[in-house]
Every structure is written in C-alpha cells, then in structure tokens.
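Every number in this text was worked out from the coordinates using simple rules, so none of it is lab data. These numbers come from a predicted model, not from an experiment. Cβ: placed from backbone, ideal geometry, glycine included. Neighbour counts: every protein chain shown.
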Amino acid sequence: MQEVILPFVAGFLAALFFRESTIALLHAAGVVDPAGYSTVPFLPLGISEFIVNALWSAVFGILMARLLRVSPERTAPWVAARWYSAASC
C-alpha cells in the first residue's frame, strides 16, 4: 500500500507546490499567459483545473515510482539518468 500512497501524495503535492506556483510566478513576471491555480471548473467533473492537474500528477507519480524501482540487484536509476544528462550537454 505504501508503494501507491506515498508516490500519489508526492505527485499531488509536487503539482500544487512546484508546478502551479511556478506558473503563477511566470505569469506575474509576464512570461506566460495563463495564471497558476486556475479555478475554472473542469467540465466533466466540475472541480477546479489545478486540482485535476494535481490528480494527474499524482497518477504519473505512481507510474514513475513503479518504473524507477530500486532493487538490490540494480543500481539506482537516477545515477544512470545523471550520467545521461551530463553526457547530453
């Protein structure tokens, strides 16, 4: 159960605190048009768009946690990701 709940909460909170606040700051600086924390209702569900975005981020958080599982037999996936990003620069 912890393999699902922790990534879900992490993805949900990351969307609220990082994604939406970054969009709000970029909007305040005049870089992007849409403002963060959009309260426009999402039509099929009737809840705010930023909540729907946070829920989707939570689902993707679960997926990412499943894909990047670390086992004793494998090296940590972020080590390879760091080498890849360093090599691509």
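Numbers at a glance
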{"item": "Stretchable slack from PHE60 to GLN2, in nm (0.36 nm times residue separation minus alpha-carbon distance)", "result": "19.3 nm"}
{"item": "Rule-of-thumb Rg ratio for the range 23-66 [Cα; 2.2 N^0.38 Å; N residues]", "result": "1.39"}
{"item": "SER21-GLU49 pseudo-label distance in nm [points 7 Å out on the Cα-to-Cβ vector]", "result": "2.1"}
{"item": "For SER48, residues with placed amide H under 5 Å, excluding near neighbours", "result": "PHE42"}
